[in-house]
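J.: Pasting a structure here, questions to come.
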Amino acid sequence: MAKIDEIKEILNTLRITMSIVAGILVVLVGKLFAKFEKQEFGTIFWVVFFVIMIFVFIEAIVVLKISNKTKEIKDL
């Protein structure tokens, strides 16, 4: 497999990962907002809040990796 094909495959995988993480974030933020509206600030609210922060961090890492791989293709 050529180097460019390998990089393109990694890019596709990262894009799919980004889509999945974004979908999970949408669901979690919706759940968090529902709890916020009901003013239920129990353990579940805070667990969901911190899980959202972790997923935002993961999303940022994936976006950075996509950016780096895109630059790598440009250099080939």
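J.: List the trypsin sites (Lys or Arg not before Pro) within the chain that fall in a DSSP loop (any state other than H, G, I, E or B) and whose Cβ has at most 13 other Cβ atoms within 10 Å.
T.: Qualifying residues, ordered by number: Lys38.
J.: Per residue of region 59-70, what does 6.51 cos²θ - 1.76 cosθ + 1.60 with θ = phi - 60° give for ³J(HN,Hα)? Whole Hz please, x for Gly and Pro, Karplus curve as stated.
T.: Result, rounded to whole Hz: 4, 5, 5, 5, 4, 5, 5, 4, 4, 5, 5, 5.
J.: Okay, moving on. Taking the Cα centre of the chain as origin and charging only Cβ (+1 Lys, Arg; -1 Asp, Glu), how large is the dipole, in debye to the nearest 20? Show your work: numbers first, answer last.
T.: Details: 10 positive and 8 negative charges, 15 e Å.
It works out to roughly 80 debye.
J.: At a Förster radius of 22 Å, what calculated FRET efficiency corresponds to the Cβ-Cβ distance of Ile44 and Ile24, to the nearest 0.05?
T.: Details: r = 16 Å, r/R0 = 0.73.
So the FRET efficiency works out to roughly 0.85.
J.: ³J(HN,Hα) across region 3-10 via Karplus (A = 6.51, B = -1.76, C = 1.60, θ = phi - 60°), whole Hz, x for Gly/Pro?
T.: Working through the residues one at a time gives 4, 5, 5, 4, 5, 4, 5, 5 Hz.
J.: Determine the distance separating the Cα centre of region 38-76 from the Cα centre of region 1-25; give it in Å without decimals.
T.: Taking the Cα centre of each part, region 38-76 and region 1-25 sit 15 Å apart.
J.: Please identify every one of the GluC sites (Glu not before Pro) in region 1-73 that sits in a loop by DSSP and has no more than 14 other beta carbons within 10 Å of its own beta carbon.
T.: Details: sites: Glu6, Glu9, Glu37, Glu40, Glu59, Glu72; in loops: Glu40.
Hits after loop and neighbour filter: Glu40.
Rule-based calculations on the coordinates, nothing more; no lab input. These figures come from a predicted structure and were not determined experimentally. Please note: Cβ atoms are built from the backbone with ideal geometry, for glycine as well, and neighbour counts cover all protein chains shown.
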